[in-house]
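Peer 1: Here's a structure for you.
What follows is calculated from the coordinates using simple rules that are stated; it is not laboratory data. All figures in this text were calculated on a predicted structure; none of them were measured in a lab. We place every Cβ from the backbone using ideal geometry, glycine too, and count neighbours over all the protein chains shown.
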Amino acid sequence: MLLEGKIAIITGAASQRGIGRAMARTFAHHGARVVILDLDEKAARDAAEDLGSDHLGLAANVADAAQVSRAVEAVIQRYGRIDALVNNAGITQPLKTLEIRGSDYDKVLDVSLRGTLLMSQAVIPTMRAQKSGSIVCLSSVSAQRGGGIFGGPHYSAAKAGVLGLARAMARELGPDNIRVNSLTPGLIHTDITGGLLSDERLNGILAGIPLGRMGNAQEVADAALFLASDLSTYLTGITLDVNGGMLIH
């Protein structure tokens, strides 16, 4: 039980077959009481109920400071502490550079980057008071290799921004014993990716992955568990690749 007695918030975790939901199940299995934050209040509550009565589902737009503040305050009122935050919420758009409009840019950057900042800002005071905490930020291999399979350049920019933000927060918050680390998943089989690739294109992509396959949500969840738990107490500011070798650097 790597998270026994811990309180963990996971954003964007209501989708049944998404990475966030796999994280929620994994954290709960290891003893955490999990708070699922999602735009869809019913989906968040249903996801929490699936984990058991000790867990909580709340509605919040992570790009809205007021909604984030209310959600985090509700967590503190119920549990009294916050031990881990996973900034998982994000959206992508398959657009080329000249197709990106201002509204597209704002939508993608707001959720992935602004949302990571706002959620982190909301939990940091509590973690500082505790003198402990772990923040896990979801970036992407697309931030490192200059583009992914589905996301446009603005998605890569947002996820690269997450890496820079996480590293800067790690440096700043280390003296408070708050660790901030990032995960960079590669091609992961989820509701978003399933069925979007032709067999020919998928085989071409897999040929460039040393492990020869797509990843799955559980494998990303296991990496998040490592970073949220005491197995990684001397790690901060790192980027942990979960990509089967798609990018080796």
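Peer 1: Can you sort 201, 145 so the residue with the fewest Cβ neighbours within 10 Å comes first? Spell out each step's value before the answer.
Peer 2: Details: 201 11, 145 15.
The fewest-first ordering by Cβ neighbours comes to 201, 145.
Peer 1: Let me ask another. Could you compute Rg(Cα) / (2.2 N^0.38 Å) for the stretch 104-159, with N its residue count?
Peer 2: After normalising by residue count via 2.2 N^0.38 Å, the value is 1.36.
Peer 1: Turning to a different aspect of this structure: Among the lysines in the chain, how many pairs, 8 or more places apart or on different chains, have alpha carbons under 17 Å apart?
Peer 2: 4
Peer 1: Considering only DSSP beta bridges whose two residues both sit in the stretch 7-242, what percent are antiparallel, to the nearest 5? Intermediate values should be presented prior to the final figure.
Peer 2: Numbers: 0 of 28 bridges.
Here the antiparallel bridges make up roughly 0 percent for the stretch 7-242.
Peer 1: By count of other Cβ within 10 Å, fewest leading, how are 55, 249, 189 ordered?
Peer 2: Working: 55 20, 249 6, 189 14.
Fewest-to-most ranking of 55, 249, 189: 249, 189, 55.
Peer 1: Follow-up question, since we're still on this one. Per residue of the stretch 156-166, what does 6.51 cos²θ - 1.76 cosθ + 1.60 with θ = phi - 60° give for ³J(HN,Hα)? Whole Hz please, x for Gly and Pro, Karplus curve as stated.
Peer 2: Working through the residues one at a time gives 4, 5, 4, 6, 5, x, 4, 4, x, 4, 4 Hz.
Peer 1: Taking the Cβ-Cβ separation of residue 91 and residue 42 as r and a Förster radius of 22 Å, what is the calculated FRET efficiency to the nearest 0.05? Provide the component values of the computation, followed by the final result.
Peer 2: On the way: r = 20 Å, r/R0 = 0.89.
FRET efficiency, residue 91 to residue 42: 0.65.
Peer 1: Using modelled amide H (1.01 Å from N, peptide plane; none on Pro or chain starts), what sits under 5 Å from the amide H of residue 241, excluding residues fewer than 5 places away?
Peer 2: 184
Peer 1: Could you give me the ³J(HN,Hα) list for the stretch 115-121, computed from phi with Karplus coefficients 6.51, -1.76, 1.60 and θ = phi - 60°, whole Hz, x at Gly and Pro?
Peer 2: x, 4, 5, 5, 5, 5, 4
Peer 1: Could you state the number of Å between the C-alpha centres of the stretch 223-239 and the stretch 1-75?
Peer 2: Measuring centre to centre over Cα atoms gives 19 Å.
Peer 1: Which value, in debye to the nearest 20, gives the size of the charge dipole of the stretch 1-138 about its Cα centre, when Lys and Arg are +1 and Asp and Glu are -1 at the Cβ?
Peer 2: About 300 debye.
Peer 1: Taking 7 Å along the Cα-to-C-beta vector as the label spot, tell me the residue 230-residue 74 distance in nanometres, rounded to one decimal.
Peer 2: Result: 3.1 nm between the two label points.
Peer 1: Here's another thing I want to ask about it. Relative to the Cα centre, what is the charge dipole magnitude of the stretch 168-249, using +1 at the beta carbon of each Lys and Arg, -1 at the beta carbon of each Asp and Glu, and rounding to the nearest 20 debye?
Peer 2: 140 debye
Peer 1: While we're looking at this one, here's another question. Using Cα atoms only, what is the angle between the long axis of helix 217-228 and the major principal axis of the chain, expressed in degrees (0 to 90) to the nearest 10?
Peer 2: Tilt relative to the chain: about 40 degrees.
Peer 1: Just how large is the dipole of the chain about the Cα centre, in debye to the nearest 20, putting +1 at every Lys and Arg Cβ and -1 at every Asp and Glu Cβ?
Peer 2: Taking the Cα centre of the chain as origin, the dipole is about 440 debye.
Peer 1: Then there's this: Below 8 Å between Cα atoms, with a sequence gap of 6+, how large is the relative contact order for the stretch 7-242 in percent?
Peer 2: Contact order relative to length: 20 percent.
Peer 1: Among 72, 242, rank each residue by its count of other Cβ atoms within 10 Å, from fewest to most, as a rough exposure measure.
Peer 2: Lowest count first: 242, 72.
Peer 1: With only alpha-carbon pairs counted, each pair once and no self-pairs, how large is the Kirkwood hydrodynamic radius of the chain in angstroms? Walk me through the numbers before you get to the answer.
Peer 2: Working: mean 1/r = 0.0556 Å⁻¹.
After inverting the mean inverse Cα-Cα distance, the result is 18.0 Å.
Peer 1: Which one, 141, 185, 129, projects farthest toward the positive side of the charge dipole computed for the chain from Cβ point charges (K/R +1, D/E -1)?
Peer 2: So the residue furthest toward the plus end is 129.
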